[in-house]
1. Kirkwood hydrodynamic radius, the range 121-194, all distinct C-alpha pairs: what's the number in Å?
2. Please work out the FRET efficiency for the pair Glu355 and Lys48, using the Cβ-Cβ distance as r and a Förster radius of 35 Å; give the result to the nearest 0.05.
3. State in Å² the accessible area per residue of the chain; use a 1.4 Å probe, count heavy atoms of protein chains only, and round to the nearest integer.
4. If packing is taken as the average count of other Cβ atoms within 10 Å, what order do 320-332, 387-399 fall into, highest mean first?
5. Rg and Dmax in Å for the range 1-139, alpha carbons only: what are they?
6. Projected onto the charge dipole of the range 214-320 (+1 at Lys/Arg Cβ, -1 at Asp/Glu Cβ, origin at the Cα centre), which of Pro236, Asn304, Val287 gives the Cα projection farthest towards the positive end?
7. What distance in nm separates the simple spin-label points at Arg109 and Arg398, each placed 7 Å from Cα in the Cβ direction?
8. For the chain, just the Cα set please: Rg and Dmax, both in angstrom.
Amino acid sequence: MRLTDLEIFTVAPPAPGWGGRYWTFVKLTTDDGISGIGECYVSTVGPKAMDAVIRDVFERHMLGTSPEEIELMFRRVYSSGFTQRPDPTTIGAFSGLEIACWDIIGKARNRPVWALLGGRINERIRSYTYLYPEPGQDAAEFWVNPDWTAEAAANCVRQGFTAVKFDPAGPYTIRTGHQPAMSDISRSVAFCAKIREAVGDKADLLFGTHGQFNTPGAIRLGRELEPYNPLWYEEPIPPDMLPEFAEVARQVRIPLATGERLTTKAEFGTLLRLGGVKILQPALGRVGGIWEAKKIAAIAEVFNAEVAPHLYAGPVEWAANIHFAASIPNILMAETIQTGGAFHLALIKHTIQWEDGYIIPPTAPGLGIDFDEDLARAHPYTGTRLHLEMQEAPCDYRHGNRFEGGAPSET
């Protein structure tokens, strides 16, 4: 069984685009006709350039190799060009291709992927969602309105979610970490207060930030959120400031979580050794794939840390997350996407079940999903912008900060 063919699907989810402007899926086929699907969570270059990277990684390091040779192919990519260090672009390309290999192996063995990873220790996976505006609701107002967000949180609890995530703390800029505006701190406190009042003890609060603060700014904000007992304070400082996470953790009595922008066990291992984070959020379409994520989870066990796989992508990465989560003892929860989930589920023909706040791991061979290639081809991404983008303008301390969540419109 050897890898012979690659096909790439760059899919644009329907507006409003929760999960990013586009999703990159890869289909691998072997010489004996078995196909597998994967997803690359990569946004450092445009989709056309990323297609070229994916093809180069496949043709240079994987073509003609057995899909079972996961470790060998990873080492080839990790060492490519005399590097041997984390790289979000080449490792991101490999991640999706690696996921597709596991799908092939499972189909060849007639077993679900989780059965190949040590078995299913978790028969259902606790899930959480971001809070999103309802269809027709003013999205720009939603992101700054604590009353609307509290209503959305209460609705999520009625659906069965036991944890909700929100991020009202101001802009993600291309600059280094900044001090939050006092208005951003006040809004963040108001969001926590309103949402806690709306959900009571029926759901955990997951406070999302995206690396926008410097260390003192993250500490100032975090201390103000402590009375509402969030389960986590997500990526409050830039992801390249690994030692500083430990300083924030020493000063704030909320568990820190991070990982969606990290790649490979090297970065996660460093973070754990420094003592900064006890909740890891690998994105399997970027971190190196399922096998690298398993290594990260095993390292985390030694540090008494939990794993909550990240998802701001499509349903194939979601499926990979679920098999991974089913197989590890230190799973906390897994992200899912509530609003816009209809297109997620349609792309995999509703082959993953969600019940009363939990995801049910598939039992069919491979990833256990039925990827709808026709639907994927019917929604191509034809733009040139990136999956996600950060603003160039700095934090506005005079007039306040407003931003569009998710993937803002092309205009």
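1. 13.9
2. It comes out at approximately 0.30.
3. For the chain, the per-residue accessible area is 39 Å².
4. With the highest mean Cβ count within 10 Å placed first, the list reads 320-332, 387-399.
5. When restricted to the Cα atoms of the range 1-139, Rg and Dmax are 17.0, 52 Å.
6. Result: Asn304.
7. Modelled inter-label distance: 6.3 nm.
8. For the chain, the Cα-based Rg and Dmax read 20.2, 64 Å.
The values are calculated or read from the model by the stated rules, or taken from the named source; none is laboratory data. Small disclaimer: the values here were computed from a predicted structure and weren't measured. Every residue, glycine as well, gets a Cβ built from its backbone with ideal geometry; the counts of neighbours run over all protein chains shown. Accessible surface areas use protein heavy atoms only, side chains included; no ligands, DNA or RNA. Shrake-Rupley method; radii C 1.70, N 1.55, O 1.52, S 1.80 Å.
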